[in-house]
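The values are calculated or read from the model by the stated rules, or taken from the named source; none is laboratory data. From a predicted model like this one, the values you see are computed outputs, not experimental measurements. Because the Cβ atoms are built from the backbone with ideal geometry, glycine has one as well, and the counts that use them run over all protein chains shown. Accessible surface areas use protein heavy atoms only, side chains included; no ligands, DNA or RNA. Shrake-Rupley method; radii C 1.70, N 1.55, O 1.52, S 1.80 Å.
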Amino acid sequence: MVKRNKILFRNIDWRIVVIYMIMIFFGCMNLYSVSPEKAEKQLIWILLSFFFIFIIFLFKPIHYKHITPFLFLFTLFLLIGVFFFGKNVNGSKSWYVFGSISFQPSELAKISTSLMIAHIMSQENIENNNKALLHISIILVLPSFLILLQPDPGSSIVFSSFLLTLYREGLSISFILYFLFYILLFVVSINLSPCIVILFLFISFIFFFFLKKNLSFIDLFFYIFLFISFSVFSFFSPFVFQNFFKQHHKDRINILFQNEFDRKYRDNVGYNLLYSKTAIGSGKFFGKGYQKGTVTKGKFVPEQHTDYIFCTVGEEWGFIGSVILIIFYLLFISRIYFLSERQKNIFGRIFGYSVGNILFIHLIINLGMVMGLFPTIGIVLPFFSYGGSSLWSFTVLLFIFIRIDASDQTSLI
């Protein structure tokens, strides 16, 4: 037993652990600039996360594979229960609150879905396997749809990261391109008349038919079906946007196509974005210095301790500090991909890619939010933003993978 533990300890990838430690404590430092009280709470959650790491290493990787279906069902139960027993926070009923302790089940959903995807795909190859693809689709749709209904569109969008995992395992790039095109079509259709969009689609398809030679009947049927589905989606997008999105969601999307510096926006829907950009821009090249950010000290940016924590980095550490932080994140995620690729068991590889892709999507969307390239949808910056649920979920995701990687590479035992 002692010998096995020594081997396990020696096999831990300490480079990724060191980067993790640097990020959580640097994140706590920046949080201290925004709110010393919240930084103290965050430090307690960081210390508690070490307890979770200890628990994770008590289990063998094979145990995670065995408990995965039960954990996934338990997560679905919590996601349904939040509609009846959850507390409404900022317009979303997505939290369980027990006294001073709050818990967001969507964070647990990231862990259980990652494990479930790895569990299913380690047994079924999705390449040219429609049945396996159907199983995976159901697993992805169930939690993301329940989270969307809360409504928490930000957390729901995170589940799109699993498309990158599926692509690594053989999913055609066409599925990802279709997904991205539908998003583009939705954004365009709520800003232009659907009739104009459909006309453009029609002209594009006609032009494509003239270029394409020797189309079979099946190909022709497929492209006609695509045109009809794109057109129907475009036609109903404004209706869905106006009737199913809450007003603050619509405002956050609309401001991307407006000027937040305009007087009619700067004091309401454009306020967050205006001062976020102001904070980042005021840091210039070298930054104003730690705890010397005037926008941060003036508390001009709402939710700066969570969604907008990056603008603290931009203001106090400048362009140099921001680039270094992004490089750290990219090194961190790249290391996860590298470790995933060297796994000899499929379960470990797929789970590792899921962890890396979840972190990557969070990073891209959060940076896009604070710079006005993406609507504000409540996506936190991993290991930096304030919050116990998010910190613990990212920590558990990461260290389950580290535990799998540190074990004997020839088995899950």
Subject >> Inter-label distance, nm, simple model (7 Å from Cα along the C-beta direction), I327/F200 >> reply: 3.9
Original post:
How would you order 179-185, 227-233 from highest to lowest mean count of nearby Cβ atoms within 10 Å?
Top reply: 227-233, 179-185
Original post:
Just the projected area, averaged over all directions, of the convex hull on the alpha carbon atoms of the chain: how many nm²?
Top reply: 23.0
Subject >> Percent accessible area from carbon and sulfur atoms, region 34-157, protein chains only, probe 1.4 Å >> reply: 70
Original post:
Over the chain, what is the relative contact order in whole percent, taking alpha-carbon pairs under 8 Å and six or more residues apart?
Top reply: 25
**OP:** Report, in cubic angstrom per residue, the convex hull volume of the C-alpha atoms of region 52-134.
**Re:** 135
Subject >> Burial ranking of peptide ranges 366-378, 104-116 (average Cβ count within 10 Å, highest at the top) >> reply: 104-116, 366-378
Subject >> Under 12 Å, Cβ to Cβ, from G387 - net charge with Lys/Arg +1 and Asp/Glu -1 >> reply: -1
Original post:
Given a 1.4 Å probe, how much area per residue of region 78-205 is accessible, in Å²?
Top reply: 50
Original post:
At a 1.4 Å probe, what is the % contribution of carbon and sulfur to the accessible area of region 325-413?
Top reply: 74
Original post:
For region 300-367, which trypsin sites (Lys or Arg not before Pro) are in a loop by DSSP, counting at most 16 other Cβ atoms within 10 Å?
Top reply: R342, K344
Subject >> Peptides ranked, highest mean first, by Cβ atoms within 10 Å: ranges 393-400, 190-197, 95-102 >> reply: 393-400, 190-197, 95-102
